[in-house]
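Asks: Have a look at this one.
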Amino acid sequence: MEHTVAALVAKARSGDLNAFAALMAQFRSSFGRYAWQMLGSREEAEEVLQDTFLRAYRSLAGCRDPGRFGAWAFRILVNRCRSRRRHLVRRDRFRAEDRNGIESLSVPYAEEDRGLKEAIDHALALLPAAQREAFLLKHVEGLSYAEIAEATGAGIPALKMRVLRACEALRIALQGELHG
Amino acid sequence: MGEPDDDEPAPVVRRAIELLREQPDLGPETERHVLARLLTDPRPGLPRRGLGHLAAIGGLALAASLAAIGLTRFGPGSKAPGLREVRFTISAAAASRVSLVGDFNNWNPAETPLRRVRATGEWSVTLPLAPGSYRFGFLLDGHTWQSDPSRPAALDPDFGTPTSVITVEHSAL
């Protein structure tokens, strides 16, 4: 029997870990992808994702609209990624301009896409964090600007500008990478 | 999904977006770790139903060992050695029900209801708590969040809700 997100949240609030596991399974893919692309490392993404889900579970009472659990939890994730990235920068373990700091994905991309994917990873890592954040939420995760504003705390005009600038920076960086 | 874009990205950026969406999933390990941490959380009052899911994702031995740990739930009125009784009160004349939610009960609004103790609208509950600091708040009628004005505030930037902090000292008794 399939449960709605709101029903799963209600069950999780009463301590049903099965329900919370179902919520995690539903949002893991999107949340994990975002964290990985924001932090440039699978290991860091896994840690942040676990922390996000733990915080979400412990704060479910603060989720005022259970049907929008995903948007609410995305806000936690965005904050955890920001916090983790600040920590990594302080420890000099993450340098956006250092190509070696960006982990290549292990997924076997088609031969013709491999070069483009590497160029994308590099270009993405060079974007200012706020632009990368807005670009990924808008174009990769498919959130509306209202949802991104909720998740990031930024205003919609500023977000649109960040997305535009990110797209332009990527277009310039990836020029010549698209063949055929 | 979002509204129509004001500016459609260039073809190379659209291709980049397609590839970024193909990012591999982190896998069910994440859920397993989270569930294990929730199940072994030392804080009292943590709900621990749903071990069946651990079995379903291959953690049967883990589930069994965690279940064997001996899980304690605290509710109003129960008390164990080393705990101190702490009284929480709030004035909420218009509320029809009030819950105490915090680190000590996993922010579960069903866990710790307050009782109306005065016609003037004062609500109260007494909890046994181990020494330590706890974040908490009150939930009025299931939807209105309120902090405790008699306690220090702890604004949690993750959730944006006003939250109070209580520190339970070690008993001198």
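Asks: Taking θ as phi - 60°, what are the ³J(HN,Hα) couplings along the range B:26-33 by the Karplus curve (6.51, -1.76, 1.60), each to the nearest whole Hz, with x for Gly and Pro?
Replies: With coefficients 6.51, -1.76 and 1.60, one gets 6, x, x, 4, 4, 4, 4, 5 Hz.
Asks: Roughly what would the spin-label model give for residue B:21 and residue B:36, points 7 Å off Cα along C-beta, in nm?
Replies: Label at residue B:21, label at residue B:36, 3.4 nm between them.
Asks: Suppose R0 equals 56 Å. What FRET efficiency, 1/(1 + (r/R0)^6) with r the Cβ-Cβ distance, do residue B:117 and residue A:144 give to the nearest 0.05?
Replies: It comes out at approximately 0.75.
Asks: With θ taken as phi - 60° and the coefficients 6.51, -1.76 and 1.60, list the Karplus ³J(HN,Hα) couplings across the range B:133-143 in order, rounded to whole Hz; mark glycine and proline as x.
Replies: These are the phi-based 3J(HN,Hα) values: 9, 9, 8, 7, x, 10, 10, 9, 6, x, 9 Hz.
Asks: List the residues, sorted by chain then number, that are 5 or more residues from residue B:114 or on another chain and whose placed amide H is less than 5 Å from its amide H.
Replies: Close amide H contacts, sequence-distant or interchain: B:98, B:99, B:100.
Asks: Kindly write out, for the range A:132-145 in residue order, the coupling ³J(HN,Hα) from the Karplus curve 6.51 cos²θ - 1.76 cosθ + 1.60 (θ = phi - 60°), rounded to whole Hz, with x marking Gly and Pro.
Replies: Couplings: 4, 4, 5, 4, 5, 5, 6, 9, 8, 8, x, 6, 6, 4 Hz.
Asks: For a quick check: with amide H placed at 1.01 Å from N, whose amide H comes under 5 Å from residue B:168's, ignoring anything fewer than 5 positions away on the same chain?
Replies: B:132, B:133, B:134
Asks: Using Cβ counts within 10 Å as a stand-in for footprinting exposure, how do A:143, A:116, A:54, A:8 rank, fewest first?
Replies: So the residues, fewest neighbours to most, are A:54, A:116, A:8, A:143.
Asks: Taking the alpha-carbon set of the range A:1-54, what are its Rg and Dmax in Å?
Replies: 12.6, 37
Asks: Something else: Can you give the Rg and Dmax of the range A:1-91 based on its C-alpha atoms, in angstrom?
Replies: So, for the range A:1-91, Rg and Dmax equal 13.4, 47 Å respectively.
Asks: Count, for each residue of A:20-29, the Cβ atoms from other chains sitting within 10 Å of its Cβ, then give me the mean as a whole number.
Replies: Average neighbour count from other chains, rounded to a whole number: 5.
Laboratory data are not the source of any read-out in this text; all were calculated from the coordinates shown. What you see is a predicted model; the values in this text were computed from it and never measured. Cβ: placed from backbone, ideal geometry, glycine included. Neighbour counts: every protein chain shown.
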